[in-house]
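The block underneath contains the structure these notes are about, expressed in structure tokens.
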Amino acid sequence: MLIGHVAVALGAKKAAPKASLGTLLLAAQWPDLLWPLFLMLGWERVRIVPDITAVSPLDFTRYPLTHSLFADFGWALLLGGLYLVFKKDRRGALLIWVCVMSHWVLDFLSHRPDLPLYPGSELVGMGLWNSVAGTLLIEGGLFVAGVMIYSRATRARDKIGEYSLKTFVGLLVLIYLASLMGPPPPSVAAIEWAGVSGWFFVAWAYWIDQHRTTTKPATPIVD
């Protein structure tokens, strides 16, 4: 659910205005940013099985370190805690925790039963990816909402802030549609390198946010 995870980061900016979009995207995509690296190391495994779902040809045979609920809870605490220590921003730390945890929730919605609750547990998943129409409706709707929230919560400082965001959104849409309509990946190595490219989008998000400013402060959190 690439654009769904990006949508969470975009939408979270309104609630955590001090946090960079890059940091929020890092959190929302964290399991998928680690996953290709763990594939390369042989710690996790995936197979290409055309038509295993209507949307994705990937059979996630083992990925408890990046995609189990237990692991993601730990990663969320780690990233949120580090942000709190270095930035002293409680709201931002909370939203980073939420972004990391949202990854498992959205994957649970979209994946067939292949997500572990903890290493060695039963596998779960609601299987949205078995329906192309349902996937487009849910993921597309989330992405449109996220883009709208971010666009209204921030404004461009300059032309870079305006056009870098438009290009970012347009490229993600093209990649998403190509993955839906295109052939399966030719190899696991291709999946690994495509996954590594996710770090490029995180860097891009930092660049976008540097050229935009928030339009108004968020509602204070009541202690």
For this session: Report, by residue number, each residue of the stretch 80-137 that is polar (S, T, N, Q) and in contact with a helix residue (DSSP H, G or I) (Cβ under 7 Å, 6 or more places away or on another chain).
Result: S102, S110, T135
Exercise. Since V49 meets every condition but one in (1) out of contact with any Asp or Glu (no Cβ under 9 Å at 6 or more places or on another chain); (2) surrounded by fewer than 21 Cβ atoms within 10 Å (Cβ to Cβ), which condition does it not meet?
Worked result: (1)
Exercise. Can you pull out the residues in the stretch 125-176 that are farther than 24 Å from Q210 by Cα and of a type in the set (D, E, K, R)?
Worked result: E139
Exercise. Among the listed residues S110, S121, which satisfies the condition of being among the small types (G, A, S) and either in contact with a Ser or Thr (Cβ under 6 Å, 6 or more places away or on another chain) or modelled with pLDDT of 95 or more (or both)?
Worked result: S110
For this session: Check off (1) among the small types (G, A, S); (2) under 30 Å from Y150 (Cα atoms); (3) in contact (Cβ under 8 Å) with a residue 60 or more places away in the chain for A76 and give me the number that stays unchecked.
Result: (3)
Exercise. Quick check: is even one residue across the stretch 132-141 over 19 Å from the mean Cα position of the chain (by Cα), crowded, with 18+ Cβ neighbours inside 10 Å and either closer than 18 Å to A205 by Cβ or free of Cβ contacts under 8 Å to residues at least 40 places away in the same chain (or both)?
Worked result: no
Problem set entry | Filter result for K13 (surrounded by fewer than 19 Cβ atoms within 10 Å (Cβ to Cβ), more than 12 Å from the chain's Cα centre (by Cα) and basic (K, R)) | no
Exercise. Is it the case that S151 is over 25 Å from L65 (Cα atoms), of a type outside the set (V, I, T), surrounded by fewer than 19 Cβ atoms within 10 Å (Cβ to Cβ) and in contact with a Leu (Cβ under 8 Å, 6 or more places away or on another chain)?
Worked result: yes
Problem set entry | Scope the stretch 143-174; condition aliphatic (A, V, I, L, M), out of contact with any Gly (no Cβ under 7 Å at 6 or more places or on another chain) and more than 18 Å from G22 (Cβ to Cβ); matching residues | V144, M148, V173, L174
Exercise. Which one of F108, F86 is over 22 Å from F200 (Cα atoms) and either charged (D, E, K, R) or surrounded by fewer than 17 Cβ atoms within 10 Å (Cβ to Cβ) (or both)?
Worked result: F86
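The values are calculated or read from the model by the stated rules, or taken from the named source; none is laboratory data. Computed from a prediction, not measured in an experiment: that's the story for all the values here. Positions of Cβ are backbone-derived with ideal geometry, glycine not excepted, and every protein chain shown enters the neighbour counts.
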